[in-house]
1. Of all residues in region 104-127, which are among the aliphatic types (A, V, I, L, M) and surrounded by 10 or more Cβ atoms within 10 Å (Cβ to Cβ)?
2. Out of (1) among the basic types (K, R); (2) assigned to a helix (DSSP H, G or I); (3) surrounded by fewer than 10 Cβ atoms within 10 Å (Cβ to Cβ), the odd one out for R99 is which?
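The values are calculated or read from the model by the stated rules, or taken from the named source; none is laboratory data. Nothing here was measured: the structure is a model prediction, and the numbers come from that model. In this analysis, Cβ positions are derived from the backbone assuming ideal geometry, glycine residues included, and neighbour counts consider all displayed protein chains.
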Amino acid sequence: MKYIFLFLVLFAYSANALAFEAGPDLTDREIIESLVELKAGQANLDNRLNDVKDDFNRRFDNLGNLVLWGFGIIFTGIFALIGFVLWDRRTALAPAVKRHDALENALIGYSEKHPDLKEELKHAGVL
């Protein structure tokens, strides 16, 4: 029984080995023609890849220019806003500074007649 089982197992494995079918023989000329076609196809793929790479580089350069323009516009807007805030602050404070100077001059003039006020202004650092 063992021998029959062993024979069947060996026969099953050898059946796969016998199933090999030889293909048609290729001549050297056919092999060379196939290689030439493969090289031409590879050259065509290389050209297409270079075209895609060049297109990508152009698009990337355009994107870089867009980013630079965007930052330039944003920074210009920020500086314009800062300039406007400083101008507005100076314009808004100009009447108060003018009034403060007038009051200070009035106090200095009035202190000429009153020595105790003159001492207080000196002590405060106005004179």
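1. If we filter region 104-127 for residues that are among the aliphatic types (A, V, I, L, M), which is where we start, we get 106-108, 117, 121, 124, 126-127.
Those that are among the aliphatic types (A, V, I, L, M) and surrounded by 10 or more Cβ atoms within 10 Å (Cβ to Cβ): A106, L107, I108, L117, L121, V126, L127.
2. (3)
Results for (1) in contact with a strand residue (DSSP E or B) (Cβ under 7 Å, 6 or more places away or on another chain); (2) at pLDDT below 95; (3) under 30 Å from G125 (Cα atoms); (4) not charged (D, E, K, R), shown as yes or no for each residue.
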| position | (1), (2), (3), (4) |
| --- | --- |
| L35 | no, yes, no, yes |
| N62 | no, yes, no, yes |
| N65 | no, yes, no, yes |
| I73 | no, no, no, yes |
| I82 | no, no, no, yes |
| T91 | no, yes, yes, yes |
